Amino acid sequence: MDSAANHALMWSRLRRAFQARLPLPQGTEPHLGGALRDTLLHPGSMVRAELAYRIACSFGLSEERSENLAIAIEYFHTASLLFDDLPSMDDAQLLRGVPCAHQVYGEGAAILAALALINRAYALVWKTVAGLPPEVQSAGLGYLESHLGIAGLLNGQSQDLHYSRLSEHLREPQSIAMGKTVSLIRLALVLPAIIAQAKPHEANLLDRLAIFWGLSYQTLDDLKDVLHGDDVHGKTAARDACLDRPNLALTIGIPESFDRIERLMNLGSRMIARLVHRRPRLAFLRDVRIQFNQEIANLSEAGLTRAS
């Protein structure tokens, strides 16, 4: 079976797991149940789940543990999107090509659905680390808390929300992206390696790759917000300028943002080369880079079309 077929099978497996790992008991209140069912039926690209799963397997974690961890990370990410789309935050209308949960089922149901995803995600992480050496459990859970908590994702999100009121020296899109975006990429790339007991040097290389990829992804997302309409990438566009949120494309310009992505991705490729030299099973990271290159090329064409 070729690599494309293997990838399709793995994606299908993770998609099924995304839908099945959070069973809804009978008697679930209809608004909450509806918000969760709609969310679980639209998993998005699941790139973080795929990265976490393949990293964990590459370092020798069992398939069951790897899958539990991958879905947990995807649940954390999806919960963050449900929160991010609320009227008190981005006030978005679309997520993954469909109306946001709060638009259909109300803000309360969207908040409770996000909390249900987080609750289940923590349970899946516990399943992942159960039976592992205590020092591995402690390292993994500590890493998770530091990047989901006040020092990571939560602080980055708060800076994003209050960007217009930050003092001038704090109005730095890259530092905000480190908390808001890089934190989740770190969970996908580094946390599986920690739990699978990778060598410290390998975890450090993955951490540097997460920084380069996370900043690249955020810059690409900023460009999408500027260059695409709602109908192109399935979520409400042009929100950053409207809400005065950090956006690198608006700060330094569109051509400069593409140049920055290229520099960051090239730095990431150096990390991949060093990782694959030490552990050949990580060669799939090169494929992820190729997929990212295609997305950049597609967006660049959109930019040229708009400019013309």
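The values are calculated or read from the model by the stated rules, or taken from the named source; none is laboratory data. Fair warning: this is a prediction, and the values are worked out from it, not measured in the lab. Cβ placement follows ideal geometry from the backbone for every residue including glycine, while neighbour counts extend to all protein chains displayed. Accessible surface is based on the protein model in full, side chains and every heavy atom, while ligands, DNA and RNA are left aside. Shrake-Rupley method; radii C 1.70, N 1.55, O 1.52, S 1.80 Å.
Run the Debye formula on the Cα coordinates of the chain, all scatterers equal and no solvent, and tell me log10 I(q)/I(0) at q = 0.06, 0.07 1/Å.
-0.19, -0.26
Could you report the accessible area of S88 in Å², rounded to 10, computed with a 1.4 Å probe on the protein chains as they sit in the structure?
90 Å²
So what is the 222 nm mean residue ellipticity for the chain from helices alone, if each DSSP H run of at least 4 adds -39500 (n - 2.57) and you divide by all residues, rounding to the nearest 500 deg cm²/dmol?
Working: 17 runs with 223 residues, N = 308.
After summing the helix terms and dividing by the residues of the chain, the value is -23000 deg cm²/dmol.
Just going by the charge dipole of the chain, with Lys and Arg at +1 and Asp and Glu at -1 on Cβ, which of I290, L40, L227 is farthest out on the positive end?
About the Cα centre, the residue reaching furthest to the positive side is I290.
Ignoring ligands and nucleic acids, what accessible area does E301 show with a 1.4 Å probe (Å², nearest 10)?
110 Å²
Considering the options G27, M178, L191, tell which one lies farthest towards the positive end of the dipole of the chain, charges being +1 on Lys and Arg and -1 on Asp and Glu at the Cβ, about the Cα centre.
Positive-most Cα among the choices belongs to L191.
Pop the C-beta distance of H277 and Y122 into the FRET formula with R0 = 22 Å and round what comes out to the nearest 0.05. Don't skip to the answer; put the middle values down first.
Details: r = 35 Å, r/R0 = 1.61.
Here the calculated transfer efficiency is 0.05.
Quick one: dipole size for the range 1-61, taken about the Cα centre, charges +1 on Lys/Arg Cβ and -1 on Asp/Glu Cβ, in debye to the nearest 20. Numbers along the way, then the final one.
Details: 7 positive and 4 negative charges, 23 e Å.
Once rounded to the nearest 20, the dipole reads 100 debye.
Considering the Cα trace of the range 7-75, what is its radius of gyration and what is Dmax, both in angstroms?
Rg and Dmax of the range 7-75, Cα atoms, are 13.1, 42 Å.
Cα atoms only: what Rg and Dmax, in Å, come out for the range 1-157?
Considering the range 1-157 through its Cα atoms, Rg and Dmax are 16.2, 48 Å.
In a shell of Cβ-Cβ distance under 12 Å around S257, excluding S257 itself, what net charge do Lys and Arg (+1) and Asp and Glu (-1) give? Mind showing how you got there, number by number?
On the way: positive: K224, R260, R263; negative: D221, D222, D225, E256, D259, E262.
With Lys, Arg at +1 and Asp, Glu at -1, the net is -3.
Suppose a student asked you for the relative contact order of the range 32-175, using Cα pairs under 8 Å spaced at least 6 residues apart; what percent would you report? Provide the component values of the computation, followed by the final result.
Working: 116 pairs, mean separation 33.2, N = 144.
So the answer I get is 23 percent.
If Lys and Arg each add +1 and Asp and Glu each add -1, what is the summed charge of the other residues whose beta carbon sits under 15 Å from the beta carbon of G131? It would help to have the intermediate numbers written out before the result.
Details: positive: R65, K127; negative: E64, E135.
After counting each charged neighbour, the total is 0.
Let me cross-check W126: its accessible surface, 1.4 Å probe, with only protein heavy atoms counted, in Å² to the nearest 10?
140 Å²
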